[in-house]
1. Being touching a residue at least 24 places away in the same chain (Cβ under 8 Å), farther than 30 Å from Ser199 by Cα and of a type in the set (Lys, Arg) is true for just one of Lys23, Lys56. Which residue is that?
2. May I ask you to list pairs of residues, at least six apart or on different chains, whose Cβ atoms are under 8 Å apart, with the first in the stretch 172-188 being in contact (Cβ under 8 Å) with a residue 12 or more places away in the chain and the second being buried (at least 16 other Cβ atoms within 10 Å of the Cβ) and of a type in the set (Phe, Trp, Tyr)?
3. Quick one: in the stretch 64-79, of everything that is in contact with a helix residue (DSSP H, G or I) (Cβ under 9 Å, 6 or more places away or on another chain) and over 20 Å from Ala17 (Cβ atoms), which residue is surrounded by the fewest Cβ atoms within 10 Å (Cβ to Cβ)?
4. When residues of the stretch 170-207 are filtered for being surrounded by fewer than 14 Cβ atoms within 10 Å (Cβ to Cβ) and at positive phi, how many remain?
5. I need the full set of residues from the stretch 65-100 which are assigned to a helix (DSSP H, G or I) and farther than 25 Å from Val185 by Cβ, in order please.
6. Does at least one position in the stretch 44-58 carry a residue that is of a type in the set (Val, Ile, Thr), within 28 Å of Val2 (Cα to Cα) and either modelled with pLDDT of 95 or more or out of contact with any strand residue (DSSP E or B) (no Cβ under 6 Å at 6 or more places or on another chain) (or both)?
7. With touching a Phe, Trp or Tyr at 6+ places or on another chain (Cβ under 9 Å) and surrounded by 13 or more Cβ atoms within 10 Å (Cβ to Cβ) as the only criterion, which of Ser9, Ser91, Ser97 stands out?
8. Is it the case that some residue within the stretch 54-64 is farther than 30 Å from Thr205 by Cα, more than 14 Å from the chain's Cα centre (by Cα) and part of a strand (DSSP E or B)?
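The values are calculated or read from the model by the stated rules, or taken from the named source; none is laboratory data. All of these numbers come straight from a predicted model, not from anything done at the bench. Cβ placement follows ideal geometry from the backbone for every residue including glycine, while neighbour counts extend to all protein chains displayed.
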Amino acid sequence: MVIAIDGPSGSGKTSIAKLLAKKIGFYYCDSGSLYRAITYFFINQNIDIDDDLDIKKALDSVDLVYNIDDNNIYLNDIDVTNKLRSIEVTSYVSAISSIKLVREKMGQIQHDIANNNNIIVDGRDIGTCVFPDAEYKFFLDADIKVRAKRRFSEINQGKYMYEDILEKISQRDRTDKSRKHSPLVKAEDAIYIDNTNLSLEKQVTQMIKIINN
């Protein structure tokens, strides 16, 4: 079974998906971290994202492994899990995620992970493009100022102001919603949850009731 959780940056997808997976005994896959990992790789390899041949060569050369047992990500056998939330990766991930070749590669990886597993996958196009036939789909959202505060607490490294994070969140929203390939949009059959004022526990309880009905 696949449970898809979509939503914009800072909407709490990862925290909710992890807690829900723990509660119902499913594996969890953070698709956003996959895109962050390939973004980290592109940055370090100085890949020209305007050159399809350069992109294809990079994607063919990289060995990206997602371990669903511990949610760690390996690039060419190196654990990069703790390097994926930097402000640099955050700044470039939207642009690199919008590349069709990248999305196709990441989509295949997600399907490989979900094969023969009960899994919860969160992202921005899970219920619309990656797993359109997912048994359950949720779309999480929250006020942008609340989302910015959450992300600020998550990635603040002592030199970034809340206002900077708010602007980056706003810019990411615009990019994700307007991109040509797999834009951020609520699937028609997804259940919308505004979690601006909801705790993690209340959201998960609500989702479990829906799944069990």
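1. Lys56
2. Note: pairs meeting the criteria are Lys186/Phe139; Ala187/Phe139.
3. In this case the residue turns out to be Asn76.
4. Of the residues in that region, 0 qualify.
5. Within the stretch 65-100, Thr81, Asn82, Lys83, Ile87, Glu88 qualify.
6. So far as the stretch 44-58 goes, no, none of its residues is of a type in the set (Val, Ile, Thr), within 28 Å of Val2 (Cα to Cα) and either modelled with pLDDT of 95 or more or out of contact with any strand residue (DSSP E or B) (no Cβ under 6 Å at 6 or more places or on another chain) (or both).
7. Ser97
8. yes
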